[in-house]
Structure formats: C-alpha cells, structure tokens
Amino acid sequence: MAAMEELEIHSKSYFVRWINVSANHTISWSIQPHKKSVNFGLFKHPGQSTQLSSQLPASASHTTDSNENLPATAATSGSRNQQSNVVEKLTGIGLKSIKWIGKCEANVVLQGTYDVPTGEGGDYALVFDNTFSKQVSKTLTLVLLTYPTGFQPHVSASASIMRSQMSGSSESLQQPRARRRGNSRSTLNAQVSDANVHTGQLQKRRRKRGQGWARRFFSLDFTSSTLSYYHDRNSAALRGAIPLSLAAVATNEKSREISIDSGTEVWHLRASNDQDFVAWKRALEKASSRGSSKDEGLTLPGRPELRLPLPLTHSPAEENEWTRVERLVSQISGSRDAVRRLARDTDPKYFVSPSPFPSPLPSSSERSRGRSPSPHPPSNDSGVDPRRPFWKRKTSGNSSHSGKQANASNSQLVVPIKEESSKPASIHSHADGMDAIHDNLMAVLRDLDNAVTEFSSLLADSKQRRHSLKPAMTSRKSMESDISQEFFDAPDGGAASPLLTIQDSDGEDDKVDGAAEEVEDDAPSDSDGESESAAPHDGASPLFPSRPKSLSPLPLEKIRRRQTILAPTVMPPSLIGFLRKNVGKDLSQISMPVSANEPLSLLQRAAEIMEYSSLLDQASQVSDSVERLMYVTAFAISSLSSNRVRERSIRKPFNPMLGETYELVREDRGFRFIAEKVSHRPVQLAYQADSKEWSLAQSPLPSQKFWGKSAEITTEGRVRITLHATGEHFSWTPATQFLRNIIAGEKYVEPVGELTIFNETTGQRTISTFKAGGMFSGRSEEVSTRAIDSSHKNLSLGLTGTWPSALSLTKDGSPTGKPIWSAGDLVPSAPKHYGLTAFAAALNEITSIEDSHLPPTDSRLRPDQRALEDGDLDRAEEVKVQLEEAQRARRRDMENAGESWIPRWFTRVSDGSDGENAWRLKGGKDGYWDERARGSWSSVVPVFED
C-alpha cells in the first residue's frame, strides 16, 4: 500500500489517518508540515474490543465545518509534547501506544518506520494534533507506505512519484485523487464510479444550527471502504475520512440524507437529486459490505456497523484451538510468501533481463512450452512492486545508504528505507541448477497455496458457525422480552442493504430542496454573531412572562424533603436492535421498555432548570448590568450539571401523557413552577416559574435523534426571563448536547458548540464556548464565557470553569478567583441511584405541600412511574402499556369527532418575529394557581385512567 496526500487539520482539532496493516509488514511515513508545526503519534486499534469501538475516532478528522464541536486530542496548551499526558488518556480507553513522536517542526521532513510484529496486524492510527492552535489551521504532506518487512520498494521509483506529485502531476499514488483531477469542470456535479472508487459532490451540514449546508467533494475508496472529503474537486487537502467498517451509516430516501456516525463525529450529508442519492447509497452499500467482510468483531448479519457484546456459544477450549489454527495458518501464509519471492528470484530470466523492472514470473509449464509471460504484473496485496527480485542487491548508486536513512531535506520528502538483505551464498553456488531449483520451489508454492486456501475457507466457515447468534426462547416478563427482541432480530435477507434507515419523525418538515440553505464557502466557525438579532427591543415581547399578581400558595413554612430514592433493581436493557430501526427518528416519540426509564417524567426533568434559582435572585440584586448578565449566564449553564453523573445517561425520563402536568412549589427558595405537556406529536412542553424577583418561561420542543452510535439532543424554544426589579429581558436557546457511546463503551452526555445569552433590553450578550476535551479522553467539561455589547465590543467580565462543577468570574480575560456558581449535592452513592442530584431525587416526592392539592394529572400520581420508583418493574411495564393505549384511544375519539386537543393551563401566543410555537400560562380564575386554591380542578382530563 502506498499513499501521498496533503492533509488539513483545523484549529482546536485533530486528524486521524487510519491504515490497516498486515502482520510482518512495515509502516513507513514521511511528514512535512507547511509553515506551522503539528504533533504526531502512532497508536493501534485493539481490534475486537467492542467496548472501545464507539469511543474511537472512526473518522479521520474533526473539522470546523462539521455539525458539532468535537473532542480533540489530549495535548495540553502548556506543552505540546507531554507524552505522559497524551499516552495516558489514549491508553486509558484501550488504545495501544506505539510511538508518540511529539512536535513535527514546520518545513522539516520527519521520517519514521514501524515494523508490525507477528500477530499484531490490524488498524493503526496516525494522529496529527492541532488542538493547541486556537485559530490557525495546519496543512502537511504525508507520504505513507506499507510493505513486507525487509522488502522495501525501490527508492528511485518512490522518489520519482513524489517529485511528480509535488509538481502537480496527475500521476499520484493516491489513485482516487488522480482520477478526480483528470476530470474536466464540465463534469463538476457528476458522480464518477468504477471498480475501486466512487466520487462526486454532496452537501454537508454545517456545525452550527442555521448555517445551512455546504457543497463538498467526496471520494469513496472501495478497497479500504473509506469515505473522504475535500473542500472542492480541485482541492488537494484532505479534510476528513471515515473508515466505514468503524462507523454506522443510515439513509433517508425521502429527504435524500445520509448520516455517518463514527461515535465521536456525525456527518450529515445530502444529495442534490434522486439520481445522486441512489448512486451514493449503492456505493455506500458496496463499501459497507466489503468492510464487513474484513471485520473480525461479532456483528449482526447484514449489519456490520453494529457490534454486539454477546456471549459466544462455543467453549473457551474450542476458541483457543481455533486461535492456534489461525496462528499456524498465518505462519504458513508467511512461509508461502517467502517461497513465492524466492521462486521469483531464482527464475533465470532475472539474471539476464536488461530492464530494471523485469517481466513477471512465468510458471514452469509456461517456460517449458516457450510461452512468454503476461505483460501485466501479478497482484500483490502488500502494495510492493512484485517484479522486483527479492534477493537482488542494491546498485552501487545506493550503496552510500548502507542500512541508514537518507538525510532529511527541508525542501523534498524522502522515503525512509532499510538495509536490504544480500543474496544468500546458496544462490551463487547453484547458478547452473537454477532452473531445477525454481521448478521445485514452484511445486512447493502450489501446495502451500492450496493449503492456505483450504484452511482459510475452513476458518471462515468455522468463525461464522461459532459466532452465529442463537436466541434464547425462554419466556421472559416485562422488559426482558424487549431485550430478547432487540438482540435477536431475524437476519436480513441476502439482498438487504447493510445500511440503516433514517426514519422520519411525525410532525417534522423535511426540506428536500436545500438550495436556499446551501453555502459555498467556509464561514468562520467562531464568529461572534448568531442568527438572532442582538439589537435591543423597544417594547416587551408578549412571549416574556410578566409579574404575577400573587405567588399563591407562597409563602409557606419550610419542610424537609428526601435526599435519595431507592436504587434500581435491574440495569437498563441494551437497545441496539431497537435503536437501529429508529435512526434519525425523535426518540421522545417512541415507546421504550420501562426499564430504560428513570422514575421521573420529562416535565420533572424540565423542572431541574430551577435547581440554581438563587443565581437569578442574585442577578436581581446587583447594580451592574454586565454582572447581572454573568449571573443569568451562570444560571443557563448550571442546568447542564444535572447530567454530570454518567450513569444518568443510560436512562431516559418518562414521556408524559398529553395533558399531564407537574407543579413544584419550593417554599425554601421562594418560587413556584407549573408545567404541562401541550402537544404529543411533536412533543412539546410549556412551563412558567415565578418568584418575587423574576419570572421564567419556556415552551421547549425537545428531541433526541439517534445517528447510529450517538444521539443528538436538541431543544427548540427559547428560555425567557424577566427581572422585575429592572424590567430587563433575557433569552437563550439551550445548548445542543450529545449522548455518546450508545452502542458500546461508557455512555455520557456532553454539551457542544456555543451558548449565547441575550439581554434583549440592553443588547449585551455572552457567548459561552464548550471547549473540546481530549481526543480519547471522554467527556469535555471546560467552558469559557466572554461578553460583548450591542456594538460587538468586548466587555470586561467573563466566566471560566467546568459545566459539571463550578464557574468563576474573569476580568479582562484573567481569573478573579471569585466563584459565581458551584454544583449542588448528589444523592448518596449516586451512580447506584440513577445518577440523580439531591434536588432531582425530591421531585417525585409528595410532601405536605402537594398532598390533597394536586390535580389528577400531576406526574407524581402517574402509576407506572411510581411503580418503577418502588422497584415493581412488571407492574410498571403493564400499567405503562395500558396508559399508552388509553391515550391512543382518546386521540382516536377526538379525531372521529373532528376535535383537537386544547391544553388546560397554557394558551398559544406568538409575537410574529420568528414564528416560534410558544405558549403562555393562563391567569385569573382560569389559571392553574387560582384553580389550585379552589381545589376543584374543573375541565381536567384524567390522563392516568385506563
């Protein structure tokens, strides 16, 4: 294998060049950074480790025009060569450290090799790190070769190809790029496909919401099953590549969209027309099928992207025996290759051929019949020129190298080489009998070929039989039956596509014609502005809550609340088979087994935003407008900390019934909160909280879309706050979050991108950036905040810290040491108790404040949720099914009667600015709090009755 390519590594990002190498082969690289330095290291994928597969950057790059901020490599800003820091994080998740080179100087050629030992073949990662650069993208030229150890290619031939590549010749070692450069501009949008590569243009969704799509040039190499992309057809710099064997691919025929989820990066692509979509889908199917045949992990039939950590059906002793057989066959294969090279070099014609590249080896029968050899050289999996004599000495012109690498030049790349073996004495002493020796070698070679072929077929059949999935037929109750269905889906038919299917969520408007959204060039990824206007409003929007006339039932005497709940009795089921049928669909609209839930509803999860309401109290008390903005920003970030315990990410809240409500009265904090589910398809909530100093409202449209390895968690609907003392209005759209490692590995939730808080009265705003963490270091936690005024001028105050734990004020970019927020308490042994905070543990409790005062629609009264909290999973599952069926029956009755659902406590409202589907809390005698005071609960539908 040989490749020469130019790579582009974006700022605050990294690039991974994956390469699959056989045992007893050598990886050879020459790296020349352009103008600026980068860091470099070599690591190895563990192979069959299902726990690691979804954590690895199966993509080759995390770039700024992706759809999200992504974790980058683990190098620290203080020192870019801290090997211990990087290696510790990489090896901590299972990667094997091969070499950490560190800093590669600009315009200086770095050369190196690595000999892959016996039994260590597999996927290797060349990691290029640019996370230390905040604004500057880096480019470099990489020459990458693999060849059988001790049998390097001709230096002169490689250097010639490099020179032609450096001069812009189309004769490149990177064949897909060479083909593309040869196409004329008249075929710019055409899809080009042959036996080895498929190229063409696709639209790629940008990282930030609202930035639309950008046209990019993609190349799919079938030989390596790798999808790569470039800025345009004529661009030489590779921007990213994903080996499909390490990714999940899904398609949506209706919207012509393709999602590729590598576990740490999701590419959202879209074809411009149906013809291009069909062509790309077929190409991806072809590449995925080829990639699956090389995958040694345990996979679902026809689903190479989904590895199942299931127990095998054979005994350990049998597995050890077959492992020994595989090792012996590998050794035989190596011996066969050595005999083949020796047989070729003992062919007498190599000693008389005047050509530096003699004709390929003829068989003994061909020579005996006087046939001339084929003009085409035989294929060689190693990528090395098979015509080169194995024992042939180097010419005198190369003797000066004699086991040493050529000195690096600042202007020209040189391939590192090794000393070649000299011709053994037996070859010299038997020159006259070379023909007989050659015939004997060819006979041995044919026998070895037959043996390796038969053993390989036997091993393949055995592995398929031993790794076949055999479902357990034992009858199981409740969630266990769902587990059985998820793990043991019937295998797809032989003609079934190996790709997943993106499902359309009900109520979503799929935009097929994206011409208006399409962006030609790269927009700055860290621009100050957003699509929302930062100009101050002259008048109050009707979407902002106003001061209530009273805070009934406040004030109240303080009460004690519980600090924990019962631990779950079973772990949640794996949802691999379930989720793969719902790629791209809003998971909040899908019924899941109750064991996948936590004992809280989505309404109660929404109430967790109120845990740090004291920050709003402090904001209303400070006199400086910028400092007030800092407290409001800290409040917006603080709600993310409810996901700081990673065990909480393995479960989801209950999807409320339509019309379900939840109230929260916190006499100790001086606020009241009421929420209602106002729409079922799509799921939408509405809530409002009031205190003496402020009021808060939001009409969230939450969605969780699964892309194959990770889930994208977004919430449309702005949070709006009114500070009564100053009359200021603040608003923001919640940050996008990603649930990582759904298929395998440690699951966790992390925010990505930026969070912008507007003071819509003054025009000031803050921009909080969630900093990317280590490339393999797991969750990113650092966040920094800067403030600007209505004229885009920087303001002095800011924030720094981590979203799971604490934030502090900064002034003019320097820490002040003044804490502004720290996370609250967790329940004791939180990982064993759903990962809840102490605040969340009390949300489902019925205290003296709620007892006899709740409407029949309150989440605390939901029977399946209560049964789950009490540990009765069978009853929880049974009641959940009954409630969902009753809800469907109510919807059918309304449709038959020509009626639609009307929320009881909220009414639709809009200011006409951006068409947001917002809801406002009703007031007066029809309002929730007045009805609560009366205790009548008129016109309330009992949604928990079946």
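In segment 854-890, what count of residues is obtained for those that are over 37 Å from the mean Cα position of the chain (by Cα) and in a helix (DSSP H, G or I)? Count: 4.
The set of residues in segment 109-147 that are of a type outside the set (Asp, Glu), at pLDDT below 90, over 21 Å from residue 35 (Cα atoms) and not in a loop (DSSP other than H, G, I, E, B) comprises 122, 124, 125, 145, 146, 147. Checking the stated criteria, residue 38 turns out not to satisfy the condition of being under 24 Å from residue 230 (Cα atoms), at pLDDT 75 or above and touching a Gly at 6+ places or on another chain (Cβ under 8 Å).
Would you confirm, using the coordinates I've provided, whether residue 722 is over 20 Å from residue 803 (Cβ atoms) and either touching a Cys at 6+ places or on another chain (Cβ under 7 Å) or at pLDDT 95 or above (or both)?
Yes: the conditions hold for residue 722.
When restricted to residues that are farther than 22 Å from residue 759 by Cα and among the acidic types (Asp, Glu), segment 681-730 contains 1. Considering segment 104-123, the residues that are under 25 Å from residue 12 (Cβ atoms) and buried (at least 18 other Cβ atoms within 10 Å of the Cβ) include one that is nearest to the chain's Cα centre (by Cα), namely 104. Here segment 264-312 is the region considered, the condition is being over 26 Å from residue 711 (Cα atoms) and in contact with a helix residue (DSSP H, G or I) (Cβ under 7 Å, 6 or more places away or on another chain), and the residue that is modelled with the lowest pLDDT is 312. Answer yes or no: is there a residue in segment 677-695 that is in contact (Cβ under 8 Å) with a residue 24 or more places away in the chain and on the phi > 0 side of the Ramachandran plot. No, segment 677-695 contains no residue that is in contact (Cβ under 8 Å) with a residue 24 or more places away in the chain and on the phi > 0 side of the Ramachandran plot.
State yes or no: is residue 779 under 17 Å from residue 562 (Cα atoms), of a type in the set (Lys, Arg) and either in contact with a Gly (Cβ under 7 Å, 6 or more places away or on another chain) or at pLDDT 95 or above (or both)? So residue 779 does not fit the description; no. Determine which single condition residue 848 fails, assuming it passes every other condition in (1) at pLDDT 95 or above; (2) part of a helix (DSSP H, G or I); (3) more than 19 Å from residue 687 (Cβ to Cβ). The failed condition is (2).
Here residue 753 meets the list (1) closer than 25 Å to residue 542 by Cβ; (2) modelled with pLDDT under 95 almost entirely, failing just condition (1).
Of the residues 859, 910, 900, which is at pLDDT 95 or above and not charged (D, E, K, R)? Exactly one of 859, 910, 900 is at pLDDT 95 or above and not charged (D, E, K, R), namely 859. When residue 591 is tested against (1) at pLDDT below 90; (2) outside any helix (DSSP H, G or I); (3) crowded, with 19+ Cβ neighbours inside 10 Å, exactly one condition is not met: (3). Condition test on residue 814, is it at pLDDT below 95, more than 27 Å from the chain's Cα centre (by Cα), surrounded by 13 or more Cβ atoms within 10 Å (Cβ to Cβ) and of a type outside the set (A, V, I, L, M, F, W, C)? No, not satisfied.
The values are calculated or read from the model by the stated rules, or taken from the named source; none is laboratory data. Just so it is clear, the model here is predicted, and its values are computed rather than measured. Neighbour counts run over all protein chains shown; Cβ positions are idealised from the backbone, glycine included.
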